[in-house]
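First comes the structure, then the notes that go with it.
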Amino acid sequence: MKMAPGVLREALVDVDAITENVRHLRALTGAEVIAVVKAEGYGHGAHRSAVAALRGGAARIGVSDISEALALRRAGIRAPLFAWLHAPGASFDEAVREGIELGISDLDQLLRAAQAATEDRPAAVHLKIETGLSRNGIAPADWRVVFSEAARLERIGRLRVVGLFSHLSNTSLDDDRAALARFEEGVVLAASTGLQPPLRHIAATNAAIALPEARLGCVRIGIGLYGVSPFADRTPADLGLRPAMTLRGAVAAVRRVPAGTGVSYGYDYRTSADTTLALVPLGYADGVPRQASGRGPVSIGGRRFTVAGRIAMDQFVVDVGEHPVAVGDEVVLFGDPTLGAPSARDWADAADTIDYEIVTRVGARVPRREVHA
């Protein structure tokens, strides 16, 4: 297959796959879905991912920080938006004006959210309870003070407590059940202070699938939205998910070389026989992990090959042997393995990382092109 003339590299984003993944996970969990599109939709594009997720029935859109939420609001997303990681001393004024729901991890954030409220618009908040991940979240010693103050501020119209939430470590089912039990303790204590928020959420994709008791009527779906499995021993297809991103490039040059030819920096790879080398115009500046040098898989013309030598900033080389390859031929780095492409997990294994990182790190100079299945 030939790439379009003038195209060096691109990421195809199948928005229908995102929509279908949301529908599937809603049906599987029976829960309200908060679709997480932080980090530019895990590399897929935040706005297009949000639109596709809402089409699939997501009730809310989650992002990491307020700037991401405001960008989506300005782009026309009217659904509830939720942001939970805040810069020290950050102003919540614009977020409250735009109806952004704020994750609150301590008393100072709670008070600043209340200060940002107006007479006709209380600040909408989700209180995060620390349950063992040791990141942000209200420490157990502070639960009663923060819950009581939140209840007071809600009574006087400065706050609207939308939810209580936490995050699991996914270390083991036993560890996650222990964290869930701590979360339930926090929910009970919050109720004793007068807080009865409509939402409770602790499960991300992993627990939403593997730990039904953690669904609690609301789940945050991040990586599953994009058709990537959070489990080392289960593929997306095993979970009923379809990968949304295909990363590909066009063969930029073809060179016939003799045995013993060195390839790329450092000559970590030398050809063992007369062979053909294909140059692929993607490199670590585009998010292709340099750690996968000599190991990363690609597909050219339906055949699987491996990166030859070191991945450079802008390009890498593939030894295709006697396989016929021409300039302009499509090279697929990863996509849907059910269609014969290498997977993001294959690249993660080659780079000793996780597939979350592979899709998220695809660089800004790689054009994203929206496609429909």
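The values are calculated or read from the model by the stated rules, or taken from the named source; none is laboratory data. It should be emphasised that the depicted structure is a prediction, and the values quoted were computed from it without experimental measurement. Here Cβ is always computed from backbone atoms with ideal geometry, including for glycine, and neighbour counts include all displayed protein chains. We work out accessible area using only protein heavy atoms, side chains counted, and drop any ligands, DNA or RNA first. Shrake-Rupley method; radii C 1.70, N 1.55, O 1.52, S 1.80 Å.
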| query | Per the 1.4 Å probe, what fraction of the accessible area of the stretch 280-373, in percent, lies on carbon and sulfur atoms? | reply | 52 percent
| request: Consider just the alpha-carbon atoms of the chain and return their Rg together with their Dmax, both in angstrom. | output: 23.6, 80
| message | I'd like the distance separating the alpha-carbon centroids of the stretch 254-276 and the stretch 37-76, in whole Å. | response | 45 Å
| field | For the stretch 22-137, with +1 on Lys and Arg beta carbons and -1 on Asp and Glu, the positive-most of LEU111, ALA27, HIS86 along the dipole | value | ALA27
| message | List the trypsin sites (Lys or Arg not before Pro) within the stretch 130-198 that DSSP assigns to loop and that have no more than 15 neighbouring Cβ atoms inside 10 Å. | response | ARG135
| said: With the cut-off at 1.5 for a/c, could you classify the stretch 40-164 from its C-alpha gyration tensor as rounded, prolate or oblate? | reply: prolate
| request: Would you rank MET313, MET1 by solvent-accessible area, highest first, keeping every protein chain in place and using a 1.4 Å probe? | output: MET1, MET313
| request: May I ask for the equivalent-ellipsoid semi-axes of the stretch 222-345, computed as the square root of five times each C-alpha gyration tensor eigenvalue and listed largest first in whole Å? | output: 28, 15, 12
| query | When all protein chains stay in place, what accessible area (Å², nearest 10, 1.4 Å probe) is found for LEU247? | reply | 0 Å²
| remark: So the carbon and sulfur contribution to the accessible area of the stretch 1-111, 1.4 Å probe, in percent, is 54 percent
| task | For the chain, set up a Gaussian network in which alpha carbons nearer than 10 Å are linked by springs, and say which option among VAL146, VAL188, VAL307 fluctuates the most. | result | VAL188
| remark: Note to self: with every protein chain in place and a 1.4 Å probe, the stretch 259-351 gives an accessible area per residue in Å² of 41 Å²
| remark: Under the Karplus relation with 6.51, -1.76 and 1.60 and θ = phi - 60°, whole-Hz ³J(HN,Hα) for the stretch 127-143, x at Gly and Pro, equal 8, 8, 9, 6, 10, x, 7, 6, 10, 8, x, 5, 5, x, 5, 9, 3
| note | Evaluated at 10 °C and 1.306 mPa s, the Stokes-Einstein D of the stretch 91-232 based on the Kirkwood radius over Cα pairs, in µm²/s, stands at 102 µm²/s
| request: Please tell me the relative contact order of the stretch 96-181 in percent, rounded to the nearest whole number, where contacts are Cα pairs under 8 Å and at least six residues apart. | output: 31 percent
| Where trypsin sites (Lys or Arg not before Pro) fall in DSSP loop in the stretch 44-134, at most 10 other Cβ within 10 Å | ARG78
| query | Can you give me the relative contact order of the stretch 168-274 as a percent, contacts being Cα pairs under 8 Å and 6 or more apart? | reply | 14 percent
| request: Can you work out the accessible area per residue across the stretch 42-122, with the rest of the protein chains kept in place, probe 1.4 Å, in square angstrom? | output: 41 Å²
| query | Taking only C-alpha pairs under 8 Å that are 6+ residues apart, what is the relative contact order of the chain in percent? | reply | 19 percent
| field | In sequence order, calculated HN-Hα J values of the stretch 158-167 (Karplus, 6.51, -1.76, 1.60; Hz; x Gly/Pro) | value | 8, 10, 10, 7, 7, x, 10, 8, 7, 9
| note | In the stretch 155-267 the accessible area split gives carbon plus sulfur, as whole percent at 1.4 Å, a share of 51 percent
| task | Please identify every one of the GluC sites (Glu not before Pro) in the stretch 90-128 that sits in a loop by DSSP and has no more than 15 other beta carbons within 10 Å of its own beta carbon. | result | GLU98, GLU119
